[in-house]
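The values are calculated or read from the model by the stated rules, or taken from the named source; none is laboratory data. Small disclaimer: the values here were computed from a predicted structure and weren't measured. All Cβ positions, glycine included, derive from the backbone under ideal geometry; neighbour counts span all protein chains shown.
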């Protein structure tokens, strides 16, 4: 039997840490300082009789006890959200998701806009990340991940495929010539993800396909890759959905250097029972299907050449 009561405020504080992985970010979201967050988590651990958080490689992660507490906190948060929602519409409240930069910018907005036409009490929070599925992170309803999905406790929903290829700026090619083979590509610099920080192995295709290329500008953000390629820093290995929107970019060696990857939505079983979460996933599937030609860089898609 617990000697200390569990406060709903303590649970909501834990949920904020679980969502962000950082005491400081959780404190900012709650409007308190990080010392208050630390004391609140400690009080919750005393009440529950065990650790709820441990340090991980990507910030604070939930223990098994912490996961149970966070699930209870989610129910508290849902009840609070429901006070501001439309009682007649179950597709309401806040749905929290993570996705890559390109997906977040070009797929999520039209999908949410379409959904909110019929469900105006719905709100979606999107955190842009490119990483492996979080095994011990709570507070996120939907994780959109890239590539192969290992065994997970979440429900996995296939969304569709997207292609990446090698691109160059027209003015860069005018100065340096257009490569027509893999050996010629190797003489140019690569704009891509930071190798040491890349958590999704499937995105490392250019270093496998053109092993001689040297990194000249790397970033964790795909839109930095695009602008660096447009500026002529080097050749960028870019998602076709993003690159084909720019008339000043040209795809080079499309048959020799390309890869097709998949998007999956991972949904916690408890989140899946929420009509709002199921509706968001459903509309994401529809939006990916609508944009599939552009995602795959097919001839006839907007901006393709």
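Here are some notes:
- Selection within the range 242-279 - within 20 Å of the chain's Cα centre (by Cα), surrounded by 18 or more Cβ atoms within 10 Å (Cβ to Cβ) and under 16 Å from residue 298 (Cα atoms): 242, 243
- Test: residue in the range 73-91 that is in contact (Cβ under 8 Å) with a residue 60 or more places away in the chain, crowded, with 21+ Cβ neighbours inside 10 Å and not in a helix (DSSP H, G or I): yes
- Any chance residue 279 is within 17 Å of residue 95 (Cβ to Cβ) and either part of a strand (DSSP E or B) or touching a helix residue (DSSP H, G or I) at 6+ places or on another chain (Cβ under 7 Å) (or both): yes
- Wholly enclosed helices (runs of 4 or more DSSP H) of the range 179-260 bearing at least 1 residues under 28 Å from residue 108 (Cβ atoms): 205-209, 222-230, 240-243
- Screening the candidates 286, 294 for the property of being assigned to a helix (DSSP H, G or I) and surrounded by 20 or more Cβ atoms within 10 Å (Cβ to Cβ) yields one hit, 294.
- When every residue of the range 124-135 is checked against the conditions, at least one turns out to be within 21 Å of residue 56 (Cβ to Cβ), surrounded by fewer than 18 Cβ atoms within 10 Å (Cβ to Cβ) and modelled with pLDDT of 75 or more.
- Verdict on residue 111 being in a helix (DSSP H, G or I), within 21 Å of residue 272 (Cβ to Cβ), modelled with pLDDT of 90 or more and not assigned by TED's automatic domain parsing to the domain that holds residue 12: yes
- Flag if residue 158 is within 30 Å of residue 64 (Cβ to Cβ) and at pLDDT 90 or above: yes
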